[in-house]
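The structure under discussion appears below in the form of structure tokens.
What follows draws every value from the coordinates through simple rules; no lab data is involved. This structure is a prediction, so every number in the text was calculated from the model and none was measured. Glycine also receives a Cβ, built like all others from the backbone with ideal geometry; neighbour counts cover every protein chain displayed.
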Amino acid sequence: MTCKGVTARYSRITVVSGVDLSLHAGELLAVLGANGAGKSSMLGAIAGIVNGGGEIRVRGRSVGRLSTPARAATGIAFVPEQRGNIFATMSVRENIDVGLRLLPPGERELQREFILELFPILKQRDQAMAGVLSGGEQQMLAIGLALGRNPDVLILDEPSQGLAPAVFDILEHAFDILKRKGLALLLAEQNVPFAARVADRYIIMSYGSVVQTGGREDLENPEELADAFMGAG
Ligand code: ATP
């Protein structure tokens, strides 16, 4: 996926402008930045759930002008902050069925198997209501739901937020498997140590623009990096 000049706005207020990024199959790009820097808005504009503009290409196809559902059909999946895509009063199985519903019927069982192998706990919790799951289980379900359509690009907004460190290991392992499968992952994170564990590259946003980019080697001192942007808005 390549994005050029991405903007995001609420009503007439532009909160993100001029963001360029490229994301290759099999890599994870972390979007870092303080509260209010524009990470969520930028991800939302790429996913098509926040108004915005710019050139967004997935596998060479320009998708920036497509509606949200049409954009999802081109291979972009979005996991919102606070696992906002899951249905609390439906079971784990029903939630996964919702994710799978737009896949051709013949491909659904294979994709279900893949999701349940990625997060085996979801198999054990098959009949549990999503609302009673732990935060970590809910995050796994949110990712599982988003994977239902077998996307090429998976966008996650603060997946580590509020989770126990034990869940970080599970997410790190899952991201590795997804990268090996060829997905491109884009995630916003405020938890820089977690981002440092999973990211191949990163960008730092401040006041709606990208102010720094770097590679894995620059993530070796996550605390220093966090100090560099925290408070920068
Ligand atoms: P956080 O981690 O706190 O979500 P962020 O880096 O993701 O921060 P955004 O949530 O994208 O930042 O916020 C960017 C700017 O857009 C902020 O100034 C914020 O106040 C504003 N903003 C966010 N959501 C809305 C909204 N629904 N309506 C109006 N302004 C908004």
- For D218 and S134, calculate 0.36 nm times their separation in residues minus their Cα-Cα distance, and state this gained length in nm to one decimal. 26.9 nm
- Message: Among DSSP bridges having both ends in the chain, what percentage is antiparallel? Round to the nearest 5.
- Response: 55 percent
- Query: What FRET efficiency do you get for M90 and D200 if R0 is 30 Å and r is their Cβ-Cβ distance, rounded to the nearest 0.05?
  - Reply: 0.30
- Message: Taking a ≥ b ≥ c as the square roots of the Cα gyration tensor eigenvalues, with a/c under 1.5 meaning rounded and otherwise prolate when a/b beats b/c, else oblate, which class fits region 29-103?
- Response: oblate
- Task: For L102 and Q161, compute 0.36 nm times the residue count separating them, minus their Cα-Cα distance, and round to one decimal in nm.
- Result: 18.4 nm
- Note on the structure: Proxy exposure order for S67, S40, S134 (fewest C-beta within 10 Å first) is S67, S134, S40
- Note on the structure: Computed for region 34-154: size of charge dipole around the Cα centre, +1 on C-beta of each Lys and Arg, -1 on C-beta of each Asp and Glu, debye to nearest 20, value 360 debye
- Excluding residues fewer than 8 places away in the same chain, name every one of the lysines whose C-alpha is closer than 24 Å to that of K181. K123
- Message: Using the crude model of +1 on Lys and Arg Cβ and -1 on Asp and Glu Cβ, and no other charge, please compute the dipole size for region 165-233 relative to its Cα centre, in debye to 20.
- Response: 420 debye
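Which trypsin sites (Lys or Arg not before Pro) in region 12-69 pass both tests, a DSSP loop state and at most 13 other beta-carbon atoms within 10 Å?
When the trypsin sites (Lys or Arg not before Pro) of region 12-69 are filtered for loop state and at most 13 Cβ neighbours within 10 Å, R12, R59, R65 remain.
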- Task: Check cross-link reach from K4 to the lysines: straight Cα distance under 24 Å, and skip same-chain residues fewer than eight apart.
- Result: K39, K179
- For the chain, size of Cβ-based charge dipole, Lys and Arg +1, Asp and Glu -1, in debye: 1040 debye
